[in-house]
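Colleague: Sharing a structure with you now.
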Amino acid sequence: MDRAGKIIVIDDEFFISKSLSFIFEKEGYECLVAGNGEEGLELVKQEKPDLIFLDISMPKMDGYQVCREIREDPDIEKTYVIMLTAMGQESDQVASLEAGADEYMLKPFDPRAVKKRVTEILE
């Protein structure tokens with residue numbers, strides 16, 4: 001059941017990265033993981049994924065900055081970005097969209113909802 005689609009998860013919480021990569025790999029997607037914003041941005045530039053799950057609060061470079069840099073790079077600017085955060089304030093959602101994110105998803109997330117959304121985006 002190999003599907004077309006490369007996903008990068010950029011999150012400093014090991015459990016979140018592991019959970020998401022397990023879900024995606026089980027569905028047949030290729031999934032790569034980065035533990036901070038700097039590492040994640042480099043990985044995105046190298047791998048040019050179809051979809052990025054991006055945490056907001058991370059060491060070295062936060063998700064907003066990573067997202068802005070993705071949007072400024074012509075090679076990866078069209079990549080679909082879903083911001084992940086435990087912060088549920090409307091201001092966080094607005095800031096995510098202003099930074100260029102396509103969507104905003106709250107932690108904890110429902111694995112079935114994540115799987116369904118990924119399928120809708122990538123197929």
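The values are calculated or read from the model by the stated rules, or taken from the named source; none is laboratory data. Bear in mind the structure is a predicted one, so any value in this text is a computation, not a measurement. Note: ideal-geometry Cβ built from the backbone for every residue, glycine included; neighbour counts use all protein chains shown.
Colleague: Tell me which residues, restricted to segment 12-51, are at positive phi and not basic (Lys, Arg).
Modeller: To start, the set of residues in segment 12-51 that are at positive phi comprises 28, 48.
Selection gives Gly28 alone.
Colleague: Could you tell me which residue of segment 1-13 is surrounded by the fewest Cβ atoms within 10 Å (Cβ to Cβ), considering only residues that are in a loop (DSSP other than H, G, I, E, B) and aliphatic (A, V, I, L, M)?
Modeller: Taking segment 1-13 first, the residues in a loop (DSSP other than H, G, I, E, B) are 1-5, 11-13.
Filter once more, keeping what is aliphatic (A, V, I, L, M): 1, 4.
Working: Met1: 6, Ala4: 10.
Top of the filtered list is Met1.
Colleague: Related question: Only one of Glu90, Glu39, Glu103, Glu72 is at pLDDT 95 or above and out of contact with any strand residue (DSSP E or B) (no Cβ under 9 Å at 6 or more places or on another chain). Can you tell me which? Steps first, please.
Modeller: Working: Glu90 fails: at pLDDT 95 or above; Glu39 fails: out of contact with any strand residue (DSSP E or B) (no Cβ under 9 Å at 6 or more places or on another chain); Glu103 fails: out of contact with any strand residue (DSSP E or B) (no Cβ under 9 Å at 6 or more places or on another chain).
Among Glu90, Glu39, Glu103, Glu72, only Glu72 is at pLDDT 95 or above and out of contact with any strand residue (DSSP E or B) (no Cβ under 9 Å at 6 or more places or on another chain).
Colleague: Among the listed residues Lys116, Lys107, which satisfies the condition of being surrounded by fewer than 17 Cβ atoms within 10 Å (Cβ to Cβ), under 13 Å from the mean Cα position of the chain (by Cα), farther than 24 Å from Glu42 by Cα and not aliphatic (A, V, I, L, M)?
Modeller: On the way: Lys116 fails: under 13 Å from the mean Cα position of the chain (by Cα).
Selected residue: Lys107, the only one of Lys116, Lys107 that is surrounded by fewer than 17 Cβ atoms within 10 Å (Cβ to Cβ), under 13 Å from the mean Cα position of the chain (by Cα), farther than 24 Å from Glu42 by Cα and not aliphatic (A, V, I, L, M).
Colleague: Exactly one of these conditions fails for Glu30: (1) charged (D, E, K, R); (2) modelled with pLDDT under 95; (3) surrounded by 13 or more Cβ atoms within 10 Å (Cβ to Cβ). Give me its number.
Modeller: Here Glu30 clears every test but (2).
Colleague: On to the next question. Could you look through segment 14-43, keep only residues that are in contact with a Lys or Arg (Cβ under 8 Å, 6 or more places away or on another chain) and assigned to a loop (DSSP other than H, G, I, E, B), and pick out the one that is farthest from Ile121 (Cα to Cα)?
Modeller: The residue in question is Asn36.
Colleague: From the set of residues in segment 75-86 that are surrounded by 15 or more Cβ atoms within 10 Å (Cβ to Cβ) and at pLDDT below 95, which is nearest to Ile8 (Cα to Cα)? Explain how you work it out, then say what you get.
Modeller: Of all residues in segment 75-86, those surrounded by 15 or more Cβ atoms within 10 Å (Cβ to Cβ) come to 76, 79-85.
Filter again for at pLDDT below 95, leaving 84-85.
Working: Leu84: 12, Thr85: 16 Å.
For segment 75-86, the residue satisfying everything is Leu84.
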